[in-house]
Amino acid sequence: MSAGGARILAVDDEAPMQRLLRRNLEARGYQVETAGRAREGLGLFRSWRPDLVVLDLNLPDMDGVDFIREVRETSAVPILVLSAREAERDRVAALDAGADDYVPKPFGVEELLARVRVSLRHAAGPLVGNDATWRSGELAIDLDRRRVVVRGEEVHLTPTEYDLLKAFVRHRGRVLTDRALLHEVWGPEYSEESHYLHVYVARLRKKIEPDANRPRYLLTEPGIGYRFAEDAL
Amino acid sequence: MHVDGSLWLLLRRSRLAGCMWALLLVAGVSGVIAGVRLHAPVADLAALYVVAVLAAAVTAGRVPAVVAAVASFLAFDLLFTRPYFALSVASPGEWVTLTFLLITGLVTGQLAALIEERTVTARENERNATVQYRIGRLVGNANVADALGTVAGLLRDTMDAAGVSITLPSGLEAHAGVPAATTYLAHAGSFGRGRVLGSDVAEVERFRPRRWIRLRVSVGVRAEDAYDLYRVRISAPQTQPHGEQAEGWLTVALPRGSAALSSADQRLLLATAGELAEAVERERLRSEATEIEVLRRTDELKTALLNTVSHDLRTPLAAIVGSAESLLQEDVHWGDTERREFLESIADEGRRLDRMVRHLLDLSRIEAGGVQIQAEWHDPGTVLTDAAERARSLHPARTVRVDVPSGLPPVRLDAIAIGEVITNLIENAFRHTPDDTTVTVAASTRADVIEFRVEDDGPGIPDDVAEHLFDPFHRTRSLRDQRGTGLGLAVAHLLVNAHGGTLTAHNRTEGGACFAFTIPLTPAHEPTNAADRTGATAEARS
């Protein structure tokens, strides 16, 4: 499933807008799911785990700002707000609730695509260069394309493996507890299931480490959790 | 009673009358003394004159009391002291008696007059307090205009004046009193210049600090039509920022020859003028406050409406711009399906935008009163069938059933407006029901109205939106695409109201929604201006 670009969830109650977003984003290689209602969108968000959410603030069953808050309770996924709401306070409310960017309707398609790229790049934390790719030694992770390349060869990752790697990259250099990783990747209800984490870390190591027994990237911090080594060479 | 009252008032008001009255009293007492002397030679009856002095003091005041005292002295000297009818006095003892009489007369007279004055002042103060309280309540509570006539009448009765006239700075007038004086008072001269239209002003006397004047005027030729007018300025404490300040007057007419206005009456007039000025100012402030509040609310509503309009216009615009730009993308080669989708979006959303602008114009025209209902006699069945046909042509995929009984009476209505109402209702039904369901339009007569109905087999109207159904920009979320303008029902509602009918909505017991509106079969009056109607309904609804 890691084939294809970043996963983008578009939540907008206007059918023409849904179609427009889907066609344009798919044409650029992204994977797109659309939802017309907030509940449906939140369901897809939990089950499909998108890399970016494009959100219209006017939803039939919930205010967009509340949608943002609900997502932010469990996730740091970038949220790009699209709205015809004019007032400055609406923009401020959305950004304060946790949105990463605000694009007023009507928008230019090129601008929207550029902002999508920016949001995906920011998802990896600060990056050098202008593409959404994080590189370290022989490992390269293209967040825009959802591609992981090790020693010049693309590695196939399951969605959960990819999400876990993304979380490591975002917090690279910092020690992460099992609990924090489980919360971010699997969700708050899995915070105690450490064995999930250990299994997936082991699989990831097999796929990206030169030697899974002597990891260069995914380092174990005994008694605490893991750390992704930033300057591994 | 009234004659007595006037007599006492005359004695008090007119100094001359008071003095004459004093002399009369002294003459009376002299007569009594003379009578007593005829029967029994009583030596010293001079003390009886004190009675005359006291009576003059109590009934007519200080000056008549002095007159009575002096007259008593002279009368006793001339009539009862030897030598008679001469001012000289024979016995030195008589001098003592006479001097004693004069002093006693003067002192008791002044004392009695003083007590009487105090009593009168107390009574007047009490009267003023009562009257001022009543006036205060009159102008404080109700509309000043309503209270003005009562206030004028009250003042006239209290002061026993010939007439009272009140002219407020706003031009509002009220009069009480004799007709000649009334008309005269209303237009008598300007305050400062001492000129009175169409009449002679014998004298203009200014009273202290420019608050009021007395005009001596004659109305007509008869002596009894001569009045003294006492006029007090009623001026709002605050001047208008632009233009000269309008003036008001409180004028009291007393018959010529009356004594000057008593100080209690003066106080009452000044206090009343002040009260009226405050009432005028209060009313001005109140109306300004109301005006400001109305403006503020209108402004809020306009802002909210503008926000909604700009949001709702931008939504289809975003789809149009986005679709067009997508087609212009050079790095993507769209397939036929996608191209068609984008083009359809542009066309659909363009039409939606057009519909929205049309509805907005309708709404603003109706609310501004620019839409005249052109009512003519029409067959209701034809109007309904035409509207259903139009809806069918716009939405070929949908089914509309027309259920019109034969023999419907002709109805006076604006066929274009009612056609628009029915089309709006049908389109509304289309938007909120699945494609495979049928929308039924029907008409029937009931009592003195004809009822048009648009029924569907959809999910019905959700409870939480029923209340706002006819508000502009209120949209329920349908199970289908949300393609409404949010204005169709509001426009329909206003147009039906303009015909003197009502538009209602309910859920049918067998499922689905029913929108029904009535039109009177015999219009009570020509349906005219839609805005008048909407105003009335807005009130009824609030």
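Tabulated values for the structure
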| read-out | value |
| --- | --- |
| Sparse-neighbour loop sites [chymotrypsin sites (Phe, Trp or Tyr not before Pro); the stretch B:317-425; at most 16 other C-beta within 10 Å; DSSP] | B:Trp334 |
| Against the rule of thumb 2.2 N^0.38 Å, how large the Cα Rg of chain A comes out | 1.03 |
| Carbon/sulfur fraction of accessible area - the stretch A:14-134, other protein chains in place, 1.4 Å, % | 46 percent |
| DSSP-loop GluC sites (Glu not before Pro) across the stretch B:322-382, with at most 16 other Cβ within 10 angstrom | B:Glu330 |
| Peptide ranges B:271-280, B:160-169, B:30-39 listed from the most packed, as the mean C-beta count within 10 angstrom indicates | B:160-169, B:271-280, B:30-39 |
| Dimensions (Å) - the stretch A:39-149, Cα atoms, principal axes, largest first | 47, 30, 22 |
| Accessible surface of the stretch B:2-125, 1.4 Å probe, proportion on carbon and sulfur as whole % | 76 percent |
| Residue-averaged 222 nm ellipticity for chain A, from DSSP H runs of 4+ at -39500 (n - 2.57), nearest 500 | -12000 deg cm²/dmol |
| Ellipsoid semi-axes in whole angstrom, largest first, where each is sqrt(5λ) of the Cα gyration tensor of the stretch B:2-125 | 29, 15, 12 |
| Radius of gyration, Dmax [the stretch B:293-356; alpha carbons; angstrom] | 17.4, 59 |
| Residue-normalised accessible area of the stretch B:2-125, given per residue in Å² at a 1.4 Å probe | 56 Å² |
| Accessible area that becomes buried as A packs against B, both chains, 1.4 Å probe, Å², nearest 100 | 2200 Å² |
| Residue-averaged beta-carbon neighbours from other chains (10 angstrom radius) around B:329-338 | 3 |
| Shielding score for A:6-19, defined as the mean number of other chain Cβ atoms within 10 Å | 4 |
| Accessible surface, the stretch A:1-135, averaged per residue in Å² (probe 1.4 Å) | 38 Å² |
| For the stretch B:279-428, accessible area per residue (1.4 Å probe, heavy atoms of protein chains only), Å² | 56 Å² |
| Partner chain coverage, peptide A:94-107 - average Cβ within 10 angstrom | 2 |
| Average Cα contact separation per residue, the stretch B:305-424, under 8 Å, 6 or more apart, as relative contact order % | 25 percent |
| Carbon and sulfur %, accessible surface of the stretch B:301-365 computed with the full protein complex present, 1.4 Å | 59 percent |
| Packing-based ranking, highest mean first, of A:147-154, A:45-52 given that Cβ atoms within 10 Å are counted | A:45-52, A:147-154 |
| When the convex hull of its Cα atoms is projected in every direction, mean area for the stretch A:1-86 (nm²) | 5.5 nm² |
| Extended-chain gain in nm, criterion 0.36 nm per residue less alpha-carbon gap, B:Ser364 and B:Val294 | 23.3 nm |
| Spatially proximal aspartates and glutamates relative to A:Lys166 (Cα-Cα < 18 Å; intrachain offsets below 8 disregarded) | A:Asp51, A:Asp100, A:Asp131, A:Glu138, A:Asp142, A:Asp144, A:Glu154, A:Asp178, A:Glu184, A:Glu209, A:Glu230, A:Asp231 |
| C-alpha center-to-center spacing [the stretch A:134-180, the stretch B:317-354] in angstrom | 37 Å |
| Hydrodynamic radius by Kirkwood, which averages 1/r over all alpha carbon pairs of the stretch A:139-216, in angstrom | 13.0 Å |
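The values are calculated or read from the model by the stated rules, or taken from the named source; none is laboratory data. From a predicted model like this one, the values you see are computed outputs, not experimental measurements. Note: ideal-geometry Cβ built from the backbone for every residue, glycine included; neighbour counts use all protein chains shown. When the accessible area is computed, the model is the full protein with side chains, heavy atoms only, and any ligands, DNA or RNA have been set aside. Shrake-Rupley method; radii C 1.70, N 1.55, O 1.52, S 1.80 Å.
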